[in-house]
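Below you'll find the structure, written out as structure tokens, and then a few comments.
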Amino acid sequence: MSRDARIVVLGHVDHGKSTLIGRLLHDTGALPPARIEEIVASSRRRGLATEWSFALDALQDERDQAVTIDTTRVWFRLGGRRYVIIDAPGHEEFLANAMTGASDADAAVLVVDAERGVEDQTRRHIYLLSLLDVAHVIVAVNKIDAVSEIRSGRGRERFAAVAGAARAALEAVGVSAHAIVPVSARDGDNVASRSPRTPWYDGPPLTELLASAAPRRESAAHEPLRIRVQDVYRRGDERVAAGTVRSGRIRIGDELRISPSGKTARVAALRAWPRDAASAGPGEAVGVVFDAPVYVDRGDLLAHEASPPPVVRSLHVRACWFDRDPPHVGETLRLRAGTADVSARVTDVLGATDPRTLEAPEHGAATRGMVYALALQTTVPVALDEDERCAIARRGVPVAAAHALTLHPLGANLFAVSHLVNATARAARNGHAGLVLWLTGLPAAGKTTIAMRVERELFQRGYQVYALDGDAMRTGLSNDLDFSAEGRSENIRRVAEVAKLLADAGTITLISLVSPAAADRARARGIVGAAFHEVYVDASLATCEARDPKDLYKRARAGEIPGFTGIGAPYDVPAAPDLVLNTERNHVDRTVADAVEYAVRAARLRAAPASVGGSS
Amino acid sequence: MSDSFLEELDDLEAGAVAIVRDAYRLFPPSCVLWSMGKDSTALLWLMRKAFLGAVPMPVVQLDTGMELPEVYEFRDRIARAWNLDLRVEQCPPEESCDPSLPPQSRAAARKTEGLRAMLAREGYRAVFVGIRRDEQSTRAKERVVSPRTLDGGWSVREQPPEFWGYTLSEIPHGGHVRVHPLLAWTELDVWRYTRRESIPIVPLYLARDGMRYRSLGEKNITLPVPSGATTIDAIIEELATTREPERAGRTMDHESEASFERLRAGGYM
């Protein structure tokens, strides 16, 4: 309950928003005498009675046309508390300006003309209030002085009718009215004090209703930690990730996950000037220094390791549209989530709602103010929370306020890329299809020896061929993995992915990798698909241990290599291999010849018969 | 001072720091305008908070040669103490300005011209300015990140939406942006913050012989107002009760209702 109460005043154009605010300022003594003189003089110049809206409408055009064009803010004091009144334009064309004014309001005053009742823009603004989650809504039924026989039953009837319509329109979008008050902004009835002209209204005047509006409660401290990185500053050898805490609390020593990269590191220091901090909570600006040299940049989301955000490339959003030009399927926009700003393609427009009717817009209705449900596909992964407040931008200008609705965590909904060159065309040019021969067997069974010989043989015959040693992957693509069960399993997955790419590109791919677990090989088959051929390079443990060209068995027996396949860890003999090459009973030339023959046959079979050339 | 004011200032400070950090990253190269007044001095202080002690961009004074001597003394002292990259930009003479402007607005027009010339020469994409919404009613309609055309003009009818902290993130071709980190602050907020942080001020703000400057402008167009406030505490007390506007001593604001809007549309701060 510390800061100013921010109150946005909304309503249909000409229902008297600015006049009500001007009156409020005047009656609460917020207008200096010189300003009142200026308003009176400015009104007289235009041949008007004192026009209180001039206190707000500062632009020449606004005074001349008696319409608020842009949002503005004024401050006043009431019972020792400070209020910011945000005047939002009611005209359709300036909806984005109304949003600008209303986006951080704690409470709203919705002005409705007593004679004209709830109109289009009233409904739009009501929808805006639900979108913005403004809790405290007061309806001011204005121009009550214009109702004939205001004191009598007719005044009361008119008020009751308008109040009922306003209440219904609010409830239709899940907003409840805190209070409904009849006012005359021009004459001051029920603004700062109860009016004798409305004896049938026994509630408090507007100022008292405003005084009960509390600033929005901040529950952010109890939510998971979220910090969007704004920038990274170099100070000597140190790199400081600068950002503002959106929710949760960060402390020195916390283990953080950097999303979307997924890297983790501990907080070594929280830099601030003139003094560093030990912790920081919601709303505080921090400078995070990590204990390890991790890569972090603008747009990254910092969270505790235990409660990371979803990372997505595909999501649905609900977007309140401010631009004249509607969203188009296939269009590429920018999706902004905090400081993250990524390219996103509209893959589908799932629906549109006209906030004035809460139904699908009529054909040809103006786009501005419509609410769209959009399916988006981002070019790079982005970390964001469900229901997070986002913006959609075109050319750097925010054109829609959006909430993230349905998130599809990464991998769940990736779309395959369509090639214009297909496998048949590749096979036709090469004279054979691509495939994967997955050579599995105990260490020293002869996998790599066979693979290298087969590679040379097929190459000399004119085939596209490549032999990939699974352990060689560990110096490059898999150099972040250890030799734990998880590390080995992940290495096998990566080898399978690379093998699949090579085979897709039309290459006969020879993989030599112990790959002892049947489950891992089954997964590799799942990744590669029909082009996968399991080749069991068969030799007994005793034979392999006797060969031991790299002294690995010796060291394993000595306990130097824990988990060595065949000694400290099991090897699952393939139950139904596509080909068995027994290196114990057969000379290596024979196994190589068998493998070459198998490969050539499989590569031909896989290609369409008509397109097989005379390559052998 | 109650706790609630402290929290309020914390919110304002963090908000301004976030704006400064974002715009500095998004729109290089940038500069900050410093009039040596309380607002732009507080802005420099906030930049030191944002960038952990240093102001990492040129600090520009648009000089008409007409500031009061105490103001120049303050400038040189603070620039040394805070190790600022100070650039004093000489504004063109009065004769080169639009002769249809009221005489009291011509100093502002000179500054506008000086700013335009400097932007054309230095190619800054972002100009940080310490204006506030509560100062003046056309400033109340400003955006935190406000685009300017090639010649510096402000198109009040074509302002980009700002909501939930989202602002413009690209600069229209050939133009620049004005960045206003203090837009949501009030005069009282600046004084409370100045007191809390012990930010130095030009001594002219404090009353001498029953008069003080509430707003500092050129010596020929700014007048002191009657006041007994000889300390910042007393100023804060005075502001809690006054109904006189801050810029009452600025003669340029009173000449015609539209003069300030005209100045701003032409590129004034």
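The values are calculated or read from the model by the stated rules, or taken from the named source; none is laboratory data. Here the structure is a predicted model, which means the values were calculated and not measured. Heads up, the Cβs are rebuilt from the backbone with ideal geometry, glycines too, and the neighbour counts pull from every protein chain shown.
Structure notes:
- Under the condition of being at the interface with chain A (Cβ under 10 Å from one of its Cβ atoms) and either surrounded by 21 or more Cβ atoms within 10 Å (Cβ to Cβ) or touching a strand residue (DSSP E or B) at 6+ places or on another chain (Cβ under 8 Å) (or both), the residues counted in the stretch B:165-176 number 7.
- Taken over the stretch B:211-249, the criterion of being hydroxyl-bearing (S, T, Y), away from chain A (no Cβ under 14 Å) and over 26 Å from B:T138 (Cβ atoms) is satisfied by B:S227, B:T230, B:T231.
- Pairs, first closer than 23 Å to A:G396 by Cα in the stretch B:134-151, second part of a helix (DSSP H, G or I) and modelled with pLDDT of 90 or more, C-beta under 6 Å, six or more apart: B:V144/B:I19
Residue-by-condition table, conditions (1) touching a Cys at 6+ places or on another chain (Cβ under 8 Å); (2) hydroxyl-bearing (S, T, Y); (3) modelled with pLDDT under 95; (4) not in a loop (DSSP other than H, G, I, E, B):
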position	(1), (2), (3), (4)
B:T41	no, yes, no, yes
B:Y72	no, yes, no, yes
B:R75	no, no, no, yes
B:S100	no, yes, yes, no
B:A109	yes, no, yes, yes
B:T112	no, yes, yes, yes
B:L115	no, no, yes, yes
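- Scan the stretch B:185-196 for residues that are out of contact with any Asp or Glu (no Cβ under 9 Å at 6 or more places or on another chain) and either among the small types (G, A, S) or within 13 Å of B:L43 (Cβ to Cβ) (or both) and the total you get is 1.
- Boolean, B:E158 is of a type in the set (D, E), in contact (Cβ under 8 Å) with a residue 60 or more places away in the chain and surrounded by fewer than 21 Cβ atoms within 10 Å (Cβ to Cβ): no
- Residue match in the stretch A:355-378 (condition: surrounded by fewer than 16 Cβ atoms within 10 Å (Cβ to Cβ), within 14 Å of chain B (Cβ to nearest Cβ) and in contact with a Lys or Arg (Cβ under 8 Å, 6 or more places away or on another chain)): no
- The criterion of at least 3 residues that are more than 14 Å from every other protein chain (Cβ to nearest Cβ), at pLDDT 85 or above and in contact with a strand residue (DSSP E or B) (Cβ under 8 Å, 6 or more places away or on another chain) is met, among strands (runs of 3 or more DSSP E) falling completely within the stretch A:6-123, by A:107-113.
- Hey, A:G299 in the same structural domain as A:G243 (by TED's automatic domain parsing), assigned to a loop (DSSP other than H, G, I, E, B) and under 14 Å from the mean Cα position of the chain (by Cα) or not: yes
- Single residue of A:R318, A:R271 found to be in the same structural domain as A:L384 (by TED's automatic domain parsing) and among the basic types (K, R): A:R318
- Residue match in the stretch A:374-382 (condition: assigned to a loop (DSSP other than H, G, I, E, B) and more than 30 Å from A:D538 (Cα to Cα)): no
- Failed criterion for B:T64 (all others in (1) away from chain A (no Cβ under 14 Å); (2) on the phi > 0 side of the Ramachandran plot hold): (2)
- Residue check for A:A241: within 30 Å of B:A54 (Cβ to Cβ) and modelled with pLDDT of 90 or more: yes
- Residue list for the stretch A:531-564, restricted to those being under 30 Å from A:A503 (Cβ atoms), touching a Leu at 6+ places or on another chain (Cβ under 9 Å) and either β-branched (V, I, T) or surrounded by fewer than 18 Cβ atoms within 10 Å (Cβ to Cβ) (or both): A:V535, A:V537
- Considered as a group, the residues in the stretch A:124-135 that are within 14 Å of chain B (Cβ to nearest Cβ) and in a loop (DSSP other than H, G, I, E, B) include one that is nearest to the chain's Cα centre (by Cα), and that residue is A:D133.
- Candidates A:R271, A:R239, A:R246 - the one that is of a type outside the set (A, V, I, L, M), surrounded by 15 or more Cβ atoms within 10 Å (Cβ to Cβ), within 14 Å of chain B (Cβ to nearest Cβ) and free of Cβ contacts under 8 Å to residues at least 40 places away in the same chain: A:R271
- Test: residue in the stretch B:177-190 that is of a type in the set (S, T, Y), touching a helix residue (DSSP H, G or I) at 6+ places or on another chain (Cβ under 7 Å) and at pLDDT below 95: yes
- Residue among A:R488, A:R456, A:R426, A:R474 that is over 39 Å from the mean Cα position of the chain (by Cα), of a type in the set (K, R) and farther than 30 Å from A:L315 by Cβ: A:R456
- Among residues of the stretch B:25-54, those that are within 13 Å of another protein chain (Cβ to nearest Cβ) and surrounded by fewer than 23 Cβ atoms within 10 Å (Cβ to Cβ), counted: 12
- Hits in the stretch A:530-558 (condition: in contact with an Asp or Glu (Cβ under 9 Å, 6 or more places away or on another chain) and part of a strand (DSSP E or B)): A:F532, A:H533, A:E534, A:V535, A:Y536, A:D538
Yes or no, residue by residue, for (1) over 29 Å from A:P310 (Cα atoms); (2) away from every other protein chain (no Cβ under 14 Å); (3) among the small types (G, A, S); (4) in contact with a Ser or Thr (Cβ under 8 Å, 6 or more places away or on another chain):
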| residue | (1), (2), (3), (4) |
| --- | --- |
| A:P204 | yes, yes, no, no |
| A:S212 | yes, yes, yes, no |
| A:V229 | no, no, no, yes |
| A:R235 | yes, no, no, no |
| A:D254 | no, yes, no, no |
| A:I258 | no, yes, no, yes |
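- Positions within the stretch A:141-158 being in contact with a Lys or Arg (Cβ under 7 Å, 6 or more places away or on another chain) and either crowded, with 18+ Cβ neighbours inside 10 Å or not in a loop (DSSP other than H, G, I, E, B) (or both), in sequence order: A:D145, A:V147, A:I150
- Single residue of the stretch B:49-80 satisfying the filter (small (G, A, S) and touching a residue at least 24 places away in the same chain (Cβ under 8 Å)) that is nearest to B:S35 (Cα to Cα): B:G65
- Residue check for A:R426: touching a residue at least 12 places away in the same chain (Cβ under 8 Å), within 14 Å of chain B (Cβ to nearest Cβ) and not aliphatic (A, V, I, L, M): no
- Which listed residue is surrounded by 21 or more Cβ atoms within 10 Å (Cβ to Cβ), farther than 30 Å from B:P160 by Cβ and within 14 Å of chain B (Cβ to nearest Cβ), from A:V317, A:V288: A:V288
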